[in-house]
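The values are calculated or read from the model by the stated rules, or taken from the named source; none is laboratory data. Here the structure is a predicted model, which means the values were calculated and not measured. Every residue, glycine among them, receives a Cβ derived from its backbone with ideal geometry; neighbour counts consider all protein chains shown. Heads up: the accessible areas ignore ligands, DNA and RNA and are worked out on the full protein's heavy atoms, side chains in. Shrake-Rupley method; radii C 1.70, N 1.55, O 1.52, S 1.80 Å.
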Amino acid sequence: MATTVRRTTLTLPMAALGPDNPLPALRAATDVHRIRIPEDAGLPADMARQIGYAPLSSILPTRMRDGYGRDRRETDLDALVIENDRLRATVLPGLGGRVYSLHHKPTGRELLYHNPVIQPANFALNGAWFSGGIEWNIGATGHTTLSCAPLHAARVPAPDGGEMLRLWEWERLRDLPFQVDLWLPAGSDFLHVGVRIRNPHHHTVPVYWWSNTAVPEDPHTRVLAPADAAWHFGYERTLRHVPVPEYAGSDRTYPLRSEFPADYFYDVPTGTRRWIASLGHDGHGLVQTSTDTLPGRKLFLWGAGQAGRRWQRWLTEPGTGGYAEIQAGLARTQLEHVPLEAGGELSWLEAYGPLAADPAAVHGTDWAAARGAVETRLAAALPRAEVDAAHTAWLPYADHEPKDHLATGSGWGALETARTGLDLPGTPFDPATLGAEQQPWLILLRTGELPAQDPVPGPGPVSAPWRELLESASPGPAAEYHLGLAQWHAGDRAQAVRSWERALAHGAGCLPLYCLAVAESEAGETAHAADRFAEAVACATGAAASAGATGARSRRTVLTALVREAIPALLAAERPDEAATMLATLSPAERATGRFRLLAARILLAQGQPRAAREVFDEGFEIADLREGAEALSDTWYAIAERLVAGDGPVTAELAARARAEHPLPERYEFRMRPAEGP
């Protein structure tokens, strides 16, 4: 039985994604992968070079996806099933092409951790992400902006005569088309995945790719890879070369023997077969291997500490088992980006399947023997030469044109095709996929003019060719506003400020005021930034009040997003009373959300009311879009505790230590992913 591909529907409890944030994402999200490299780290030259190569300064042109909550309801999700007589893979094309399940029929085993719920959380570069399955991360360090976005999908011929599922999209952070082809050769226990990234531009582009697999975890789970050392990256943001498996007094190949979340990027020797496996107490589990183009291998673990367990519960529901992640990427670490030359492409083949090895060897104290047991079983189940041959056989099929379309992604690839006339065999971006977001840009292409958009300009392109088109367009509110975004993206902040000031003069509304406020803030002009934010909120308040029925909701969304940004700016400028007045303008329902409850506590603390601030925490709240690695909850809690202990006096180290002892952080607010620092 060769691969067959069919449609189905999965019904799962899911929190609705909600609307995207209407404000342009001018600032990079708080980067938990920011790195401090110790002088004695001894990084290889290519790693050091690639860590410093082309980091993102923002996630333009995409927007933050933060409109979700934590109210989950039964939801029907379109799914695609790839099946042979040995394996059944279930894919969610509407959620980044996630492989939700990989079921091994002969043993009845589920090889992946598949989350029983879809709970968005703030882990992707642009916010919404969910845990479980196999995800395809492209773009820049972190989870892709496509984590909860639809991909194009179609049925195409597979190399062995069966059917293959193709997923493809246009990745907007780097403006690159990519494809993922999945099939199951007849009689095979391994899901084959062919990946191709193409650079259709006339310049070199930075590339990032990590395939991320969630695997079930218990105290006996061991992750094995062909390495005796790893690059350890914890949320202390330090990269260190450490031994494998023993480090700091514990065997870190068992995920639950660590306390805090951490990454271990395995230092796989050149020429060694690339693989990583997660095996249970009985020696059974999942193995992933690939051709050598994908050299990186990584273990991510949550650890057994309070914060890691809290995050795991946050991402699913009570009673659900935990998970770790085994990953494969284009570089040694996820802190790196690799150059892809003009007109070039990268392709490789991955394979995922069951593996069973002698449990005594797998869990023995001899690391070389444990690795050797896995390598021997993998060589028998799927020889290295067979993986290379499968890649060679797949390459001619990568260009086959999809005929039987199964799902539709975005229209941004079609827009780029319209601009450039690109011919990308195998990944067509049909003009029929062009939607309302792309229409103003089609008009700019055809007429040289960008029409005004009301009430909120969309997430338009910001690359150099589009910037040139905007520079040639007639001045107007939308053209000047979007030109400013493109200039900001290019690093020309002074020109961006001038464009936004011209947009204001053309009556562009509140968003240029927000952009100018961010520019002031980034420049360190705290007082001026607070003034601009207040002005933007006043503008949005007036716009919301005067809006008709059709525009009221979207204008209210803009106002709420602006207030959320403006209050921290006012607090930074030591204007808490003004911040309190601004918060009071929101509706009771808006003020009751977790993000605004935290801001209310911060305002009360700044006003000298620590007891009232503490009452906000005691009443309880949840921040649905709490960022990975964020410490706002614990920082605010301890700032309140210190003021309660110190009164109006100075907070000494002794008083800070006393505050932490007398006011321990409640478990519901414990999300810290690194050891707590001293007072």
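The table for this structure:
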item: Cα-projected label distance for His203 with Asp423, points at 7 Å along beta-carbon direction, nm; result: 2.6
item: For the chain, accessible area per residue (1.4 Å probe, heavy atoms of protein chains only), Å²; result: 38
item: Peptides ranked, highest mean first, by Cβ atoms within 10 Å: ranges 204-213, 119-128, 217-226; result: 119-128, 204-213, 217-226
item: Inter-part distance where the stretch 254-322 and the stretch 486-518 are each reduced to a Cα centre, Å; result: 44
item: Packing-based order for 415-422, 647-654, using average beta carbon neighbours within 10 Å, highest first; result: 415-422, 647-654
item: Anisotropy class of the stretch 487-583 from Cα gyration tensor, a/c 1.5 cut; result: oblate
item: Solitary cysteines of the chain, where the nearest other Cys Cβ is not under 4.7 Å; result: Cys148, Cys515
item: Whole-angstrom Cα spans of the stretch 191-338 along principal axes, big to small; result: 51, 34, 33
item: Computed FRET value (nearest 0.05) for Asp618 with Ala369, which takes r as the C-beta separation and R₀ as 51 Å; result: 0.40
item: Length gained when the stretch Asp577-Asp85 is fully extended (0.36 nm per residue, less Cα-Cα span); result: 170.4 nm
item: Centre separation in Å (Cα based) which lies between the stretch 568-624 and the stretch 428-459; result: 39
item: Unit charges at the beta carbon, dipole of the chain: most positive-side option, Ala342, Pro588, Tyr514; result: Pro588
item: Residue-averaged 222 nm ellipticity for the chain, from DSSP H runs of 4+ at -39500 (n - 2.57), nearest 500; result: -10000 deg cm²/dmol
item: Highest-first arrangement of 39-46, 80-87, 245-252, where packing means the average Cβ count within 10 Å; result: 80-87, 245-252, 39-46
item: Computed label-point distance, nm, for sites Ala385 and Ala584 using a 7 Å Cα→Cβ extension; result: 8.0
item: Computed accessible area, Tyr113, all protein chains, 1.4 angstrom probe, square angstrom; result: 20
item: Alpha-carbon Debye profile of the chain, log10 I(q)/I(0) at 0.08, 0.09 Å⁻¹; result: -0.64, -0.82
item: Fraction of accessible area attributable to carbon and sulfur, the chain (%, probe 1.4 Å); result: 50
item: Extension gain, Ala464 back to Ile443 (0.36 nm per residue minus Cα-Cα distance, nm); result: 5.8 nm
item: Tensor-based shape of the stretch 158-260 (alpha-carbon gyration tensor, a/c under 1.5 rounded, otherwise prolate or oblate); result: oblate
